[in-house]
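Scroll down for the structure; my scribbles are underneath it.
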Amino acid sequence: MNHPRRPNAVDLQVQGRDTAIVRDASLRSRFVQARSHTLNIARPLTDEDCCVQSMPDASPVKWHLAHTTWFFETFLLEKYEDDFRPFLPAFRMLFNSYYNGVGEKYPRPQRGLLTRPALHEIMLYRKKINERMQRLFEYCGEDPSFLERVELGLQHEQQHQELILTDIKHLLSLNPLQPAYREGESTVSSECSGLQWFSIDGGMVDIGHDGSSFGFDNETPRHKHYLDAYCLASRLVSNGEYMQFIMNGGYHDPRLWLSEGWDWLQSGRIAHPLYWQCSDQGWSEFTLAGRQPLDLALPAVHLSYFEADAYARWAGARLPSEEEWEHAAQVYEVAEDAIRVDRLHPCTARGPGLQQMFGETWQWTRSSYAAYPGYHWPQGAIGEYNGKFMVNQQVLRGSSCVTPDGHGRITYRNFFPATARWQFSGIRLAKDGPGAS
């Protein structure tokens, strides 16, 4: 059921703008483009869509729009403006996410209760902070520390662009009307290519970011790591293959599951991936284009680490370590930015070679999220960005179909708890190679 949608406050900010993000060497130009792109992502939504929080792990779109603005106000304007004054003092607490060094935070599970400030006030906040940032570029545009913080702010904005889409998908999936975020998205595909195994020699390899371009602190320092020989699957596990796991009783066999995973499965009465549904018409999957018939050729997505680990064990394989994943991407010189045309769902694997490393789903690894050898937390509140989360999380590698262009890297370390399913997370299998210990 579709209804005409009234324009919202976001529309008023973006009408008439080119929605394409054009690559530009200028950081100032990229700032304008990234900030506009966030609004374009929110454009299909109503004011009501932007205010609701579907679960504690997700945030309202309105909060994302405010928090990304808060980041520039707090970490750039406050530091570099001579006559800094907050847009509204209360925003410092309302839109602080997890920076204890900055001050008080509004409780994350209650972000959906913030009906005030209204969306149009958040849009004014964005507009005014953008204007002040433009003036700051005039005075600080050659200051390396300023430029580094702007770059971090842009990368942070891109992370929230992806989160807006994952969070709104979860919200819309709970609506009995099963509304689409955007109409006209087709998930129909042809048969995917067969799964092959690539045998890769091990040895002492270099892992981590080399500092030649932007990288988050958790990607450093670059260091040596020894790998045994291993094998990596040529593509992601498909819906059809995962369906075989379900039909074979995979969700009912405790031998396949980690103990904590089995307890999670039983307590949540989980029997299939998030957004899958079985009815008299067969299996379907909720997507950003609404509910669609399940396409067996597409990658299986929205799986927890526990589900990925159990599937791998059922398939006679395992999940790769993050070092194996990164090394394979280096060996096969995988392109970091998948070619996409503003799509909102994964695509089928086609052709030879190592496929779907980027731009389809984040890929679970068996590696716990921890510091690299020699890692040191950055000083100040910025140091809270990654380091303090290095416990009880699993590393995911690659990027997804909703990761913004230019945000993927071979060394990128995403991380989530083992139960997380609302992100675009999938499975790539690995095995020990010949001669592996």
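The values are calculated or read from the model by the stated rules, or taken from the named source; none is laboratory data. A quick note: this is a predicted structure, and the numbers were derived from the prediction, not measured. With ideal geometry, Cβ positions are generated from the backbone for all residues, glycine too; neighbour counts draw on all protein chains shown. Note: areas computed on protein heavy atoms with side chains; ligands, DNA, RNA excluded. Shrake-Rupley method; radii C 1.70, N 1.55, O 1.52, S 1.80 Å.
Brief remarks on what is shown
- Within a straight-line Cα-Cα reach of under 25 Å, Lys431 can be paired with the following lysines, leaving aside sequence neighbours fewer than 8 residues apart in one chain: Lys224.
- Anisotropy class of the range 122-244 from Cα gyration tensor, a/c 1.5 cut: oblate
- Loop-resident sites, the range 142-246, for GluC sites (Glu not before Pro), counting at most 15 other Cβ within 10 Å (DSSP): Glu142, Glu183, Glu191
- In the range 39-118, GluC sites (Glu not before Pro) in a DSSP loop with at most 15 other beta-carbon atoms within 10 Å: Glu104
- Residue-averaged 222 nm ellipticity for the chain, from DSSP H runs of 4+ at -39500 (n - 2.57), nearest 500: -9500 deg cm²/dmol
- Cβ charges +1 (Lys, Arg) and -1 (Asp, Glu), total dipole of the chain, debye: 840
- Å² of accessible area per residue within the chain, as computed with a 1.4 Å probe and no ligands counted: 45
- Net charge, Arg235 excluded, C-beta distance under 11 Å - Lys, Arg +1, Asp, Glu -1: 0
- All lysines inside 28 Å of Lys79 as judged from Cα atoms, apart from same-chain residues fewer than 8 positions distant: Lys62, Lys105, Lys127, Lys128, Lys388
- Net length gained if the chain between His223 and Thr419 were fully extended (0.36 nm per residue, minus Cα distance): 67.6 nm
- Additional length obtainable on full extension of the chain from Arg182 to Cys278, 0.36 nm per residue less Cα span: 32.2 nm
- Nearest-ten-degree value, helix 259-268 long axis tilted from longest Cα axis of the chain: 70
- In a DSSP loop and with at most 11 other Cβ atoms within 10 Å, the GluC sites (Glu not before Pro) in the range 296-363 are Glu333.
- Size of electric dipole in the range 74-142: Cβ of Lys, Arg +1 and of Asp, Glu -1, about Cα centre, debye, nearest 20: 440
- The range 341-434 - Rg over Rh from alpha carbon coordinates, Kirkwood radius: 1.01
- Estimated inter-spin distance, Asp206 and Lys105, nm [label 7 Å along Cα→Cβ]: 3.6
- Net charge of neighbours whose Cβ lies under 15 Å from the Cβ of Leu265, counting Lys and Arg as +1 and Asp and Glu as -1: -1
- Counting charges near Asn96 (Lys, Arg +1; Asp, Glu -1) among other residues having Cβ under 9 Å from its Cβ returns a value of +1.
- Cα gyration tensor category, rounded, prolate or oblate, for the range 288-362 with a/c compared to 1.5: oblate
- Prolate/oblate/rounded call for the range 223-355, Cα gyration tensor, a/c under 1.5 rounded: oblate
- Isotropically averaged projected area of the chain, using the convex hull of Cα atoms (one quarter of hull area), nm²: 21.7
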